[in-house]
Amino acid sequence: MAELTALESLIEMGFPKGRAEKALALTGNQGIEAAMDWLMEHEDDPDVDEPLASPLGHVLGREPTPSEQGGPKGPGSAVGEGKPVLTEEERQEQTKRMLELVAQKQREREEREEREALERERQRRRQGQELSAARQRLQEDEMRRAAEERKREKAEELAARQRVREKIERDKAERAKKYGGNVGSQPSPPAAEPGPVPSSPSREPPIKREYDQCRIQVRLPDGTSLTQTFRAREQLAAVRLYVELHRGEEPGGGQDPVQLLSGFPRRAFSEADMERPLQELGLVPSAVLIVAKKCPG
């Protein structure tokens with residue numbers, strides 16, 4: 001059974017002649033399958049129908065025939081000596097095979113696009129899980145810091161009560177030593193007689209206190225503010241992450257990294273400052289930071 005040429009087969013399958021010639025030329029005339037792959041991959045190109053600058057003979061991978069060059073016909077160039085003509089049944093059978101090949105290529109393309117879509121979805125879910133895990137860690141840190149803060153405040157309150165009780169006991173002992181006997185059974189000394197002045201804690205030299213907590217208030221560009229307690233040894237990057245997760249969604253979708261400023265004295269913190277602890281930046285025990293407004297692009 002006579003076979004159609006690659007160009008004729010592509011035309012039988014419904015491809016425009018110019019596009020089919022271009023596909024055969026650009027694939028090095030390697031056959032109909034390579035040409036079909038090129039046509040399916042470039043069917044949406046805006047210049048797919050623009051002709052090549054090469055002559056037609058080179059596009060099809062053959063030299064022009066004498067009839068195409070306009071030269072005289074040589075011996076043996078009669079019509080009956082051309083290629084065998086396909087019968088209608090043979091032409092339909094070959095066209096059927098080509099259409100099956102086209103359908104197979106289309107299925108392979110759809111499967112490839114489906115795999116790529118699944119991979120993009122997996123990446124999106126993985127990024128969402130990472131962001132959710134970061135938020136979960138931040139919430140756990142907040143709860144832990146709040147518990148530590150409550151524990152510290154309770155310990156300070158108990159210590160203050162203990163100091164008051166100890167001072168009362170010292171005052172009782174001093175009065176008992178001065179007036180003798182039980183303090184409760186002795187009359188109060190005359191007002192004109194000066195008595196010993198109990199030692200006052202306020203006259204003792206102040207003790208420099210070491211803070212392990214830092215309370216930060218962040219003012220947002222829309223007028224609202226965020227307040228959170230951090231450890232004094234935490235980096236300034238922890239404050240920026242907290243602000244980025246709690247400042248809310250802005251119109252337009254994308255969220256830019258925030259720029260933090262100190263209120264007074266005015267100072268813009270750099271990327272190098274993000275790695276420094278809050279204690280070293282002078283933000284302990286409390287500070288007010290400002291989120292810089294984005295300049296219009």
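Annotations for the structure displayed:
- By accessible area with a 1.4 Å probe, ligands and nucleic acids excluded, highest first: order of ARG152, ARG209, ARG97: ARG209, ARG97, ARG152
- Local electrostatic count at LYS154 - Lys and Arg +1, Asp and Glu -1, tallied over other residues with Cβ under 13 Å: -1
- GLN162 versus ALA232: modelled label distance in nm, points set 7 Å from Cα along the beta carbon direction: 2.0
- Ranking by accessible area, most exposed first, for GLU271, GLU108 with a 1.4 Å probe: GLU271, GLU108
- Each principal axis of the Cα cloud of region 1-42 was taken in turn, and the coordinate range along them, longest first, works out to 32, 19, 14 Å.
- Label-point gap, in nm, between ARG152 and GLU271 - each point 7 angstrom along Cα→Cβ: 3.2
- Two-site FRET efficiency, GLN136 against ALA34, from Cβ-Cβ distance with R₀ of 51 Å, rounded to 0.05: 0.45
- In this Cβ point-charge picture (+1 for Lys and Arg, -1 for Asp and Glu), region 1-42 has a dipole of about 200 debye about its Cα centre.
- Counting heavy atoms of the protein chains alone, MET143 has an accessible area of about 140 Å² for a 1.4 Å probe.
- Fully extended contour minus Cα-Cα distance, from ARG170 to TYR211, at 0.36 nm per residue: 11.8 nm
- Accessible area in square angstrom per residue, region 1-42, 1.4 angstrom probe: 47
- Using a Förster distance of 41 Å, the FRET efficiency for GLN92-LEU118 (Cβ separation, nearest 0.05): 0.60
- Amide proton proximity set for SER225, modelled H, under 5 Å, gap of 5+: LEU220
- Charge context of GLU50, other residues only, Cβ under 13 angstrom, K/R +1, D/E -1: -2
- When PHE269, PHE264 are compared by accessible area of protein heavy atoms, the largest-first order is PHE264, PHE269, using a 1.4 Å probe.
- Full-extension gain in nm, VAL288 to ARG126, via 0.36 nm per residue minus C-alpha separation: 54.8 nm
- Label-point separation in nm, ASP49 to TYR179, each point 7 Å along Cα→Cβ: 11.6
- Computed from the C-beta positions of LEU261 and ARG144 and an R0 of 30 Å, the FRET efficiency is 0.60 to the nearest 0.05.
The values are calculated or read from the model by the stated rules, or taken from the named source; none is laboratory data. If you're wondering where the values come from, they're calculated on a predicted model, not measured in any experiment. Heads up, the Cβs are rebuilt from the backbone with ideal geometry, glycines too, and the neighbour counts pull from every protein chain shown. Please note that ligands, DNA and RNA were not included when accessible areas were found on the heavy atoms of the full protein model with its side chains. Shrake-Rupley method; radii C 1.70, N 1.55, O 1.52, S 1.80 Å.
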